[in-house]
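The values are calculated or read from the model by the stated rules, or taken from the named source; none is laboratory data. Bear in mind the structure is a predicted one, so any value in this text is a computation, not a measurement. With ideal geometry, Cβ positions are generated from the backbone for all residues, glycine too; neighbour counts draw on all protein chains shown. With ligands, DNA and RNA removed, areas are computed over all heavy atoms of the protein, side chains included. Shrake-Rupley method; radii C 1.70, N 1.55, O 1.52, S 1.80 Å.
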Amino acid sequence: MTQYRIPFNKPSFAGNENRYIVEAIERGHISGDGHFTKRCHELLQRELGVPKVLLTTSCTHALEMCGLLLDLGPGDEVVVPSFAFVTTVNAFALRGATPVFADVRADTLNLDERRLEELVTPRTKAIVALHYAGVGCEMDAIGELAARRGIAVVEDNAHGLFGRYKGRFLGTFGALATQSFHETKNFSCGEGGALVVNDERHVERAEIVREKGTDRSRFLRGLVHKYEWVGLGSSYLPSDLLAAFLLAQLESRAEIQSRRRAIWERYERELAGWAARRGVALPKVPAHCEQPWHIFHLLMPSTAERDAFLRHLEQRGILAVFHYQPLHLSPMGRRFGGKPGACPVTEDVAARLVRLPLYNRLTEAEQGEVIDAVAGFGAS
Ligand SMILES: Cc1ncc(COP(=O)(O)O)c(C=O)c1O
(Lines give C-alpha, C1' and ligand atoms only; values in the text may rest on other atoms or scores of the structure.)
Protein backbone atom coordinates (compact mmCIF):
# COMPACT_ATOMS: atom_id res chain seq x y z
CA MET A 1 0.00 0.00 0.00
CA THR A 2 1.29 3.47 -0.85
CA GLN A 3 2.42 5.47 2.16
CA TYR A 4 1.17 9.04 1.88
CA ARG A 5 2.92 11.92 3.61
CA ILE A 6 -0.47 13.54 3.86
CA PRO A 7 -3.24 10.93 4.05
CA PHE A 8 -6.88 11.65 3.36
CA ASN A 9 -7.78 11.17 7.01
CA LYS A 10 -6.05 10.64 10.36
CA PRO A 11 -7.81 9.88 13.62
CA SER A 12 -7.30 12.52 16.29
CA PHE A 13 -7.35 12.62 20.06
CA ALA A 14 -9.44 15.39 21.53
CA GLY A 15 -7.80 15.03 24.97
CA ASN A 16 -9.76 12.92 27.46
CA GLU A 17 -10.12 9.65 25.51
CA ASN A 18 -7.54 7.64 27.48
CA ARG A 19 -8.73 8.91 30.83
CA TYR A 20 -12.36 8.08 30.07
CA ILE A 21 -11.53 4.60 28.75
CA VAL A 22 -9.57 3.80 31.92
CA GLU A 23 -12.46 5.13 33.97
CA ALA A 24 -14.92 2.89 32.11
CA ILE A 25 -12.79 -0.14 32.97
CA GLU A 26 -12.44 0.94 36.59
CA ARG A 27 -16.20 1.39 36.83
CA GLY A 28 -16.47 -2.31 35.95
CA HIS A 29 -18.89 -1.89 33.05
CA ILE A 30 -17.57 -2.07 29.51
CA SER A 31 -20.53 -3.66 27.72
CA GLY A 32 -23.30 -1.49 26.29
CA ASP A 33 -25.35 1.23 27.99
CA GLY A 34 -22.89 2.00 30.78
CA HIS A 35 -21.99 5.34 32.32
CA PHE A 36 -20.34 6.82 29.20
CA THR A 37 -23.08 5.72 26.82
CA LYS A 38 -25.59 7.50 29.07
CA ARG A 39 -23.46 10.65 29.07
CA CYS A 40 -23.25 10.61 25.26
CA HIS A 41 -27.03 10.15 25.07
CA GLU A 42 -27.63 13.03 27.47
CA LEU A 43 -25.21 15.33 25.69
CA LEU A 44 -26.68 14.66 22.25
CA GLN A 45 -30.31 14.84 23.44
CA ARG A 46 -29.64 18.14 25.18
CA GLU A 47 -27.64 19.71 22.34
CA LEU A 48 -30.01 18.62 19.57
CA GLY A 49 -33.16 19.09 21.68
CA VAL A 50 -34.56 15.67 20.68
CA PRO A 51 -36.55 13.12 22.71
CA LYS A 52 -34.19 10.17 22.24
CA VAL A 53 -30.67 9.39 21.01
CA LEU A 54 -29.37 5.83 21.10
CA LEU A 55 -25.73 5.07 20.37
CA THR A 56 -25.30 2.25 17.87
CA THR A 57 -22.42 0.20 16.55
CA SER A 58 -22.48 2.18 13.27
CA CYS A 59 -24.58 4.50 11.15
CA THR A 60 -25.24 1.46 8.97
CA HIS A 61 -26.81 -0.31 11.95
CA ALA A 62 -28.84 2.79 12.83
CA LEU A 63 -30.17 2.76 9.25
CA GLU A 64 -31.01 -0.94 9.61
CA MET A 65 -32.90 -0.09 12.79
CA CYS A 66 -34.91 2.45 10.74
CA GLY A 67 -35.88 -0.31 8.30
CA LEU A 68 -37.10 -2.45 11.21
CA LEU A 69 -38.88 0.40 12.99
CA LEU A 70 -40.77 1.42 9.85
CA ASP A 71 -41.80 -2.23 9.34
CA LEU A 72 -40.51 -2.20 5.79
CA GLY A 73 -40.87 -5.33 3.73
CA PRO A 74 -41.43 -6.70 0.24
CA GLY A 75 -43.69 -4.48 -1.83
CA ASP A 76 -42.66 -1.30 -0.01
CA GLU A 77 -40.63 1.35 -1.81
CA VAL A 78 -37.98 3.63 -0.35
CA VAL A 79 -36.78 6.70 -2.25
CA VAL A 80 -33.01 7.14 -1.84
CA PRO A 81 -30.53 9.37 -3.62
CA SER A 82 -28.35 7.45 -6.05
CA PHE A 83 -25.39 9.58 -4.92
CA ALA A 84 -25.17 7.91 -1.51
CA PHE A 85 -23.27 5.40 0.56
CA VAL A 86 -24.02 1.73 -0.05
CA THR A 87 -25.67 1.17 3.31
CA THR A 88 -27.95 4.20 2.85
CA VAL A 89 -29.88 1.87 0.54
CA ASN A 90 -28.70 -1.58 1.62
CA ALA A 91 -30.26 -1.13 5.06
CA PHE A 92 -33.72 -0.97 3.45
CA ALA A 93 -33.09 -3.56 0.73
CA LEU A 94 -32.12 -5.92 3.56
CA ARG A 95 -35.73 -5.80 4.77
CA GLY A 96 -36.95 -6.68 1.27
CA ALA A 97 -38.02 -3.14 0.34
CA THR A 98 -37.44 -1.87 -3.20
CA PRO A 99 -35.13 1.14 -3.60
CA VAL A 100 -36.26 3.88 -5.95
CA PHE A 101 -33.24 5.92 -6.96
CA ALA A 102 -33.54 9.70 -7.01
CA ASP A 103 -31.15 12.10 -8.70
CA VAL A 104 -29.40 14.91 -6.81
CA ARG A 105 -29.17 18.68 -7.22
CA ALA A 106 -26.12 19.87 -9.13
CA ASP A 107 -25.32 22.52 -6.50
CA THR A 108 -25.51 20.78 -3.10
CA LEU A 109 -25.38 17.16 -4.41
CA ASN A 110 -28.42 16.48 -2.22
CA LEU A 111 -31.64 14.70 -3.10
CA ASP A 112 -33.37 16.85 -5.74
CA GLU A 113 -36.61 17.76 -4.01
CA ARG A 114 -37.99 19.24 -7.26
CA ARG A 115 -38.06 15.76 -8.84
CA LEU A 116 -39.29 13.87 -5.79
CA GLU A 117 -43.03 13.86 -6.38
CA GLU A 118 -42.70 11.90 -9.65
CA LEU A 119 -40.91 9.08 -7.78
CA VAL A 120 -43.55 8.67 -5.10
CA THR A 121 -46.19 5.95 -5.50
CA PRO A 122 -48.84 4.53 -3.17
CA ARG A 123 -46.18 1.98 -2.14
CA THR A 124 -43.62 4.59 -1.00
CA LYS A 125 -43.03 4.14 2.73
CA ALA A 126 -39.93 6.25 3.29
CA ILE A 127 -37.79 9.00 1.78
CA VAL A 128 -34.13 9.00 2.81
CA ALA A 129 -32.64 12.50 2.95
CA LEU A 130 -28.84 12.34 3.00
CA HIS A 131 -27.26 15.69 3.87
CA TYR A 132 -24.14 15.48 1.71
CA ALA A 133 -21.12 16.99 3.46
CA GLY A 134 -23.53 18.03 6.21
CA VAL A 135 -25.14 20.67 3.99
CA GLY A 136 -28.88 20.39 4.55
CA CYS A 137 -31.30 18.96 2.00
CA GLU A 138 -34.29 21.19 1.24
CA MET A 139 -36.18 19.91 4.27
CA ASP A 140 -39.16 22.28 3.92
CA ALA A 141 -40.12 20.82 0.54
CA ILE A 142 -39.25 17.23 1.48
CA GLY A 143 -41.14 17.46 4.77
CA GLU A 144 -44.20 19.01 3.10
CA LEU A 145 -44.38 16.29 0.42
CA ALA A 146 -43.82 13.50 2.95
CA ALA A 147 -46.51 14.83 5.30
CA ARG A 148 -49.01 15.29 2.45
CA ARG A 149 -48.44 11.74 1.17
CA GLY A 150 -48.09 10.09 4.61
CA ILE A 151 -44.48 8.99 4.09
CA ALA A 152 -41.79 8.75 6.77
CA VAL A 153 -38.61 10.79 6.36
CA VAL A 154 -35.33 9.23 7.47
CA GLU A 155 -32.33 11.56 7.57
CA ASP A 156 -29.00 9.91 6.85
CA ASN A 157 -27.01 12.51 8.75
CA ALA A 158 -23.74 10.55 8.77
CA HIS A 159 -21.88 13.72 7.73
CA GLY A 160 -23.93 16.39 9.36
CA LEU A 161 -23.88 16.36 13.16
CA PHE A 162 -24.32 20.00 14.34
CA GLY A 163 -25.02 21.26 10.82
CA ARG A 164 -28.24 23.28 10.50
CA TYR A 165 -30.97 23.96 7.96
CA LYS A 166 -32.74 27.30 8.50
CA GLY A 167 -31.35 27.45 12.02
CA ARG A 168 -32.53 23.97 13.06
CA PHE A 169 -30.12 21.07 13.62
CA LEU A 170 -29.91 18.42 10.92
CA GLY A 171 -31.08 15.10 12.29
CA THR A 172 -34.11 16.69 13.96
CA PHE A 173 -36.44 16.81 10.92
CA GLY A 174 -37.16 13.17 10.03
CA ALA A 175 -39.19 10.75 12.14
CA LEU A 176 -35.79 9.05 12.49
CA ALA A 177 -32.23 10.16 11.75
CA THR A 178 -28.86 8.44 11.81
CA GLN A 179 -25.35 9.61 12.72
CA SER A 180 -21.92 8.10 12.07
CA PHE A 181 -18.92 8.12 14.38
CA HIS A 182 -16.69 6.24 11.95
CA GLU A 183 -13.00 7.15 11.96
CA THR A 184 -13.46 9.54 9.02
CA LYS A 185 -16.15 11.64 10.70
CA ASN A 186 -15.72 14.90 12.63
CA PHE A 187 -16.39 13.06 15.91
CA SER A 188 -15.32 9.48 16.07
CA CYS A 189 -14.88 6.35 18.15
CA GLY A 190 -13.44 4.28 15.31
CA GLU A 191 -16.68 2.55 14.41
CA GLY A 192 -19.92 3.85 15.83
CA GLY A 193 -23.16 5.64 15.17
CA ALA A 194 -26.42 6.80 16.65
CA LEU A 195 -30.12 6.65 16.01
CA VAL A 196 -31.97 9.90 16.65
CA VAL A 197 -35.65 9.32 17.36
CA ASN A 198 -37.71 12.44 16.74
CA ASP A 199 -41.11 10.79 16.49
CA GLU A 200 -41.78 9.66 20.05
CA ARG A 201 -43.97 6.80 18.82
CA HIS A 202 -40.76 4.97 17.87
CA VAL A 203 -38.91 5.43 21.18
CA GLU A 204 -39.97 2.28 23.02
CA ARG A 205 -39.55 -0.02 20.05
CA ALA A 206 -36.20 1.55 19.13
CA GLU A 207 -34.89 0.41 22.52
CA ILE A 208 -36.25 -3.09 21.90
CA VAL A 209 -34.81 -3.32 18.38
CA ARG A 210 -31.40 -2.20 19.67
CA GLU A 211 -31.46 -4.68 22.58
CA LYS A 212 -31.80 -7.89 20.55
CA GLY A 213 -35.59 -7.74 20.42
CA THR A 214 -35.94 -7.69 24.20
CA ASP A 215 -37.45 -5.25 26.70
CA ARG A 216 -34.17 -5.18 28.64
CA SER A 217 -34.16 -1.35 28.75
CA ARG A 218 -37.51 -1.38 30.58
CA PHE A 219 -36.18 -4.09 32.89
CA LEU A 220 -33.09 -1.96 33.73
CA ARG A 221 -35.41 0.95 34.57
CA GLY A 222 -37.33 -1.36 36.92
CA LEU A 223 -40.51 -1.26 34.83
CA VAL A 224 -40.73 -5.04 34.32
CA HIS A 225 -39.54 -7.89 36.57
CA LYS A 226 -37.76 -9.88 33.88
CA TYR A 227 -36.85 -9.18 30.31
CA GLU A 228 -38.10 -11.22 27.40
CA TRP A 229 -38.12 -11.52 23.64
CA VAL A 230 -40.83 -9.05 22.61
CA GLY A 231 -40.09 -8.25 18.96
CA LEU A 232 -37.57 -8.29 16.16
CA GLY A 233 -34.18 -6.79 16.85
CA SER A 234 -30.47 -7.34 16.94
CA SER A 235 -27.41 -6.30 18.91
CA TYR A 236 -26.88 -2.68 17.96
CA LEU A 237 -25.41 -1.21 21.14
CA PRO A 238 -21.71 -0.36 21.33
CA SER A 239 -19.31 -1.12 24.17
CA ASP A 240 -19.02 1.59 26.83
CA LEU A 241 -15.30 1.76 25.93
CA LEU A 242 -16.27 3.23 22.57
CA ALA A 243 -18.74 5.58 24.21
CA ALA A 244 -15.95 6.74 26.55
CA PHE A 245 -13.77 7.59 23.54
CA LEU A 246 -16.69 9.28 21.81
CA LEU A 247 -17.67 11.38 24.82
CA ALA A 248 -14.20 12.92 24.90
CA GLN A 249 -14.65 13.92 21.26
CA LEU A 250 -18.19 15.24 21.67
CA GLU A 251 -17.15 17.32 24.68
CA SER A 252 -14.47 18.95 22.52
CA ARG A 253 -16.94 19.79 19.76
CA ALA A 254 -16.26 23.53 19.82
CA GLU A 255 -12.48 23.09 19.32
CA ILE A 256 -12.92 20.34 16.72
CA GLN A 257 -15.42 22.32 14.67
CA SER A 258 -13.43 25.52 14.84
CA ARG A 259 -10.26 23.77 13.64
CA ARG A 260 -12.14 22.09 10.78
CA ARG A 261 -13.77 25.38 9.89
CA ALA A 262 -10.37 27.09 9.67
CA ILE A 263 -9.07 24.33 7.36
CA TRP A 264 -12.18 24.40 5.17
CA GLU A 265 -12.19 28.20 4.84
CA ARG A 266 -8.50 28.29 4.01
CA TYR A 267 -9.01 25.78 1.19
CA GLU A 268 -11.84 27.89 -0.14
CA ARG A 269 -9.94 31.16 0.15
CA GLU A 270 -6.64 29.97 -1.28
CA LEU A 271 -8.04 27.76 -4.05
CA ALA A 272 -10.72 30.14 -5.38
CA GLY A 273 -8.48 31.79 -8.00
CA TRP A 274 -7.02 28.51 -9.24
CA ALA A 275 -10.47 26.91 -9.39
CA ALA A 276 -11.93 29.78 -11.42
CA ARG A 277 -9.03 29.63 -13.91
CA ARG A 278 -9.27 25.84 -14.28
CA GLY A 279 -13.06 25.58 -14.46
CA VAL A 280 -13.16 23.69 -11.15
CA ALA A 281 -16.24 24.10 -8.93
CA LEU A 282 -15.82 24.52 -5.16
CA PRO A 283 -18.51 23.35 -2.70
CA LYS A 284 -21.75 25.35 -2.65
CA VAL A 285 -23.37 26.02 0.70
CA PRO A 286 -26.73 27.84 0.49
CA ALA A 287 -27.08 30.83 2.83
CA HIS A 288 -29.79 29.09 4.87
CA CYS A 289 -27.52 26.12 5.64
CA GLU A 290 -24.82 26.06 8.33
CA GLN A 291 -22.42 23.30 7.49
CA PRO A 292 -20.34 21.25 9.96
CA TRP A 293 -17.10 21.50 7.90
CA HIS A 294 -17.01 17.80 7.15
CA ILE A 295 -15.90 17.56 3.50
CA PHE A 296 -14.04 19.88 1.14
CA HIS A 297 -14.67 18.70 -2.39
CA LEU A 298 -13.81 19.86 -5.88
CA LEU A 299 -15.72 19.17 -9.08
CA MET A 300 -13.14 18.84 -11.83
CA PRO A 301 -14.11 19.74 -15.42
CA SER A 302 -13.93 16.11 -16.66
CA THR A 303 -13.26 12.56 -15.47
CA ALA A 304 -9.94 12.53 -17.35
CA GLU A 305 -8.83 15.67 -15.47
CA ARG A 306 -10.08 14.22 -12.18
CA ASP A 307 -8.02 11.08 -12.65
CA ALA A 308 -4.94 13.06 -13.74
CA PHE A 309 -5.41 15.35 -10.72
CA LEU A 310 -5.54 12.40 -8.29
CA ARG A 311 -2.34 11.01 -9.84
CA HIS A 312 -0.69 14.45 -9.63
CA LEU A 313 -1.41 14.62 -5.89
CA GLU A 314 -0.41 11.00 -5.32
CA GLN A 315 3.00 11.66 -6.90
CA ARG A 316 3.42 14.40 -4.29
CA GLY A 317 2.57 12.05 -1.42
CA ILE A 318 -0.96 13.40 -0.92
CA LEU A 319 -4.04 11.21 -0.86
CA ALA A 320 -7.17 12.82 -2.25
CA VAL A 321 -10.12 10.57 -2.99
CA PHE A 322 -13.32 10.43 -4.99
CA HIS A 323 -16.60 9.52 -3.36
CA TYR A 324 -19.83 7.62 -4.00
CA GLN A 325 -20.31 5.74 -7.24
CA PRO A 326 -23.89 5.96 -8.61
CA LEU A 327 -25.88 3.34 -6.73
CA HIS A 328 -28.36 2.81 -9.56
CA LEU A 329 -25.48 1.65 -11.80
CA SER A 330 -23.92 -0.71 -9.24
CA PRO A 331 -24.45 -4.44 -9.79
CA MET A 332 -27.14 -4.43 -7.07
CA GLY A 333 -28.68 -1.18 -8.30
CA ARG A 334 -29.07 -2.68 -11.78
CA ARG A 335 -30.94 -5.62 -10.25
CA PHE A 336 -33.45 -3.03 -9.06
CA GLY A 337 -33.79 -1.64 -12.60
CA GLY A 338 -31.04 1.01 -12.54
CA LYS A 339 -29.99 2.13 -16.04
CA PRO A 340 -27.44 4.57 -17.44
CA GLY A 341 -28.98 8.01 -17.87
CA ALA A 342 -31.58 7.48 -15.12
CA CYS A 343 -29.86 9.91 -12.70
CA PRO A 344 -27.79 12.15 -14.98
CA VAL A 345 -26.54 14.60 -12.34
CA THR A 346 -25.36 11.76 -10.08
CA GLU A 347 -23.59 10.08 -13.01
CA ASP A 348 -21.89 13.34 -13.93
CA VAL A 349 -20.74 14.51 -10.48
CA ALA A 350 -19.67 11.07 -9.26
CA ALA A 351 -17.21 10.95 -12.16
CA ARG A 352 -15.68 14.38 -11.45
CA LEU A 353 -15.62 14.75 -7.67
CA VAL A 354 -12.47 14.82 -5.50
CA ARG A 355 -12.24 15.23 -1.71
CA LEU A 356 -9.15 16.89 -0.27
CA PRO A 357 -7.51 15.82 3.02
CA LEU A 358 -9.49 17.32 5.91
CA TYR A 359 -8.92 16.09 9.43
CA ASN A 360 -8.72 17.67 12.84
CA ARG A 361 -4.93 17.51 13.16
CA LEU A 362 -3.97 18.48 9.61
CA THR A 363 -1.30 21.09 10.35
CA GLU A 364 -1.07 24.49 8.70
CA ALA A 365 2.18 23.44 7.00
CA GLU A 366 0.61 20.23 5.68
CA GLN A 367 -2.40 22.09 4.39
CA GLY A 368 -0.04 24.57 2.73
CA GLU A 369 1.58 21.64 0.92
CA VAL A 370 -1.79 20.36 -0.26
CA ILE A 371 -2.76 23.81 -1.54
CA ASP A 372 0.56 24.25 -3.37
CA ALA A 373 0.21 20.81 -4.96
CA VAL A 374 -3.38 21.51 -6.03
CA ALA A 375 -2.49 24.92 -7.43
CA GLY A 376 0.44 23.32 -9.28
CA PHE A 377 -1.94 21.13 -11.25
CA GLY A 378 -2.05 22.39 -14.80
CA ALA A 379 0.21 25.32 -13.95
CA SER A 380 2.90 24.42 -16.48
C1 LIG B 1 -23.94 9.07 4.05
C2 LIG B 1 -23.43 7.88 4.78
N3 LIG B 1 -24.28 7.09 5.42
C4 LIG B 1 -23.86 6.02 6.12
C5 LIG B 1 -22.52 5.71 6.19
C6 LIG B 1 -22.10 4.50 6.99
O7 LIG B 1 -21.53 4.88 8.19
P8 LIG B 1 -20.92 3.79 9.19
O9 LIG B 1 -19.53 3.51 8.71
O10 LIG B 1 -20.93 4.46 10.54
O11 LIG B 1 -21.80 2.60 9.14
C12 LIG B 1 -21.59 6.51 5.55
C13 LIG B 1 -20.15 6.19 5.64
O14 LIG B 1 -19.29 6.98 5.46
C15 LIG B 1 -22.05 7.62 4.80
O16 LIG B 1 -21.20 8.42 4.13
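Each Lys or Arg adds one and each Asp or Glu subtracts one; over the other residues with Cβ under 14 Å from the Cβ of H182, this totals -1.
So for segment 251-369, what are the equivalent ellipsoid semi-axes in whole Å, largest first, each being the square root of 5 times an eigenvalue of the Cα gyration tensor?
Ellipsoid half-lengths, sorted descending, are 28, 19, 15 Å.
Placing E17, E144 in order of accessible area, with the largest value first and a 1.4 Å probe, yields E144, E17. Connecting C-alpha atoms closer than 10 Å in a GNM of the chain, tell me which of A365, A141, A152 has the biggest fluctuation. Between A365, A141, A152, it is A365 that shows the largest mean-square fluctuation.
Accessible area per residue was computed with a 1.4 Å probe on protein heavy atoms; T184 scores about 40 Å². The mean accessible area for residues of the chain, using a 1.4 Å probe and ignoring ligands and nucleic acids, is 43 Å² per residue.
Rg over Rh for segment 1-159 works out to 1.05, both radii taken from alpha-carbon positions and Rh defined as the Kirkwood radius. Restricting attention to the chain, close to 55% of DSSP beta bridges with both partner residues there are antiparallel. Rounded to the nearest 20 debye, the dipole size of segment 158-262 about its Cα centre is 400 debye, using +1 on the Cβ of Lys and Arg and -1 on the Cβ of Asp and Glu. Measuring only protein heavy atoms, the 1.4 Å probe finds Y4 accessible over about 50 Å².
Between segment 1-25 and segment 270-346, the alpha-carbon centres lie 27 Å apart.
Residue ranking by accessible heavy-atom surface, 1.4 Å probe, largest first, among F8, F13 comes out as F13, F8. Proximity of backbone amide H atoms, modeled 1.01 Å from N, is registered between T214 and V230 at under 5 Å, excluding neighbours fewer than 5 places apart on the same chain.
Annotation: extensible slack from Q45 through S330 equals 98.9 nm (criterion: 0.36 nm per residue apart, minus Cα-Cα distance). Take K226: with every protein chain present and a 1.4 Å probe, its accessible area is about 130 Å². Given their separation in residues at 0.36 nm each and the Cα-Cα distance between them, E191 and R114 gain 24.3 nm when the chain is fully extended. What the Cβ-Cβ distance of E23 and D71 gives, at R0 = 56 Å and to the nearest 0.05, is a FRET efficiency of 0.90. FRET efficiency for the E364 to E183 pair, using the beta carbon distance and R₀ = 30 Å, is estimated at 0.85.
The count of lysine pairs in the chain whose Cα atoms are under 16 Å apart, excluding pairs fewer than 8 places apart on the same chain, comes to 4. Accessible surface ranking for K10, K125, 1.4 angstrom probe, highest first: K125, K10.
In the chain, the DSSP-assigned H stretches of four residues or longer account for a calculated mean residue ellipticity at 222 nm of -11500 deg cm²/dmol, using -39500 (n - 2.57) per stretch and the full residue count as denominator. The Cβ shell under 10 Å around D71 holds other residues with a net charge of +2, Lys and Arg each +1, Asp and Glu each -1.
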